[in-house]
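Trainee: Quick one: the structure is below, questions incoming.
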Amino acid sequence: MKETFVVNAETRSAHGKGASRRLRREGKVPAILYGGGSEPQPIAVDHNELAKHLKAEAFYSHILTLKLDGKSEQAVLKDLQRHPVRDDTILHMDLLRVRADQVLRMHVPLHFKGGEVCPGVKTGGGLIEHHLIQVEVECLPKDLPEYIEVDLSQLNVNDSVHLSQLKLPQGVTLVELKHGNDRSVAAVHLPRAAVEVEETPAAEAAPGTEVPATAQKAEAKPGEAEAKPSEPKKEEKKK
């Protein structure tokens, strides 16, 4: 069941940086409502109410109900400006009016599942690398998904999931694929420390040239096991 978000707003007539600063001191966020074949409308919303909405991931990719001047209309969040130091302080917000017959372009989060049980991680010792955390979709408002699920449960080491492999809801298309860009979404790779470095074979000595002892292979005497090159002998401690 989809969540519902109601944003209460009021029309603002004062413009400019000074007016915006006064609004922020009053605990409000200056915003703009545009699109949908109507003129842009400067509005203001309560900062604390907006901050609570922003804690929900679905708020960023959801059709919002905007209550303005006694009327309700649908909109989506298109841009959000935060304070450069205090991330919990919102400075400005852009909302786009939604029309039922107009196609939307929105960024939708990806939800990953099955990464902890995929063969590449569970038995192959690999790690999941997330290349994307959201995708841009194009669809009508009624088809807008809150998120898109990515199944990683079948990945082996060096396998990856691409955009073209995602299961999309009906009526939803990916903008990247429309431009022929089938990007990798996630992959399984071994940790850097676990990657085996190929050993370089010892160079053959020229005729008449003495081969260094470290490059010679010791012949095992009868009854003795041949020493492994990767396991050098430990030096005996002097008593």
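Trainee: Using 1/(1 + (r/R0)^6) with R0 = 30 angstrom and r between the beta carbons of residue 78 and residue 167, what's the FRET efficiency to the nearest 0.05?
Mentor: About 0.70, to the nearest 0.05.
Trainee: Non-local amide H neighbours of residue 127 (under 5 Å, H modeled in plane, Pro and chain starts lacking H): which ones?
Mentor: Result for residue 127 returns 189, 190.
Trainee: Give the order of 63, 133, 148 when sorted by the count of other beta carbons within 10 angstrom, beginning with the fewest.
Mentor: 133, 63, 148
Trainee: Structure shown: which of 113/167; 78/167; 52/167 lie over 21 Å apart, alpha-carbon to alpha-carbon?
Mentor: Long pairs (Cα-Cα over 21 Å): 78/167; 52/167.
Read the figures in this text as sums done on the coordinates, not as results from a lab. Small disclaimer: the values here were computed from a predicted structure and weren't measured. We place every Cβ from the backbone using ideal geometry, glycine too, and count neighbours over all the protein chains shown.
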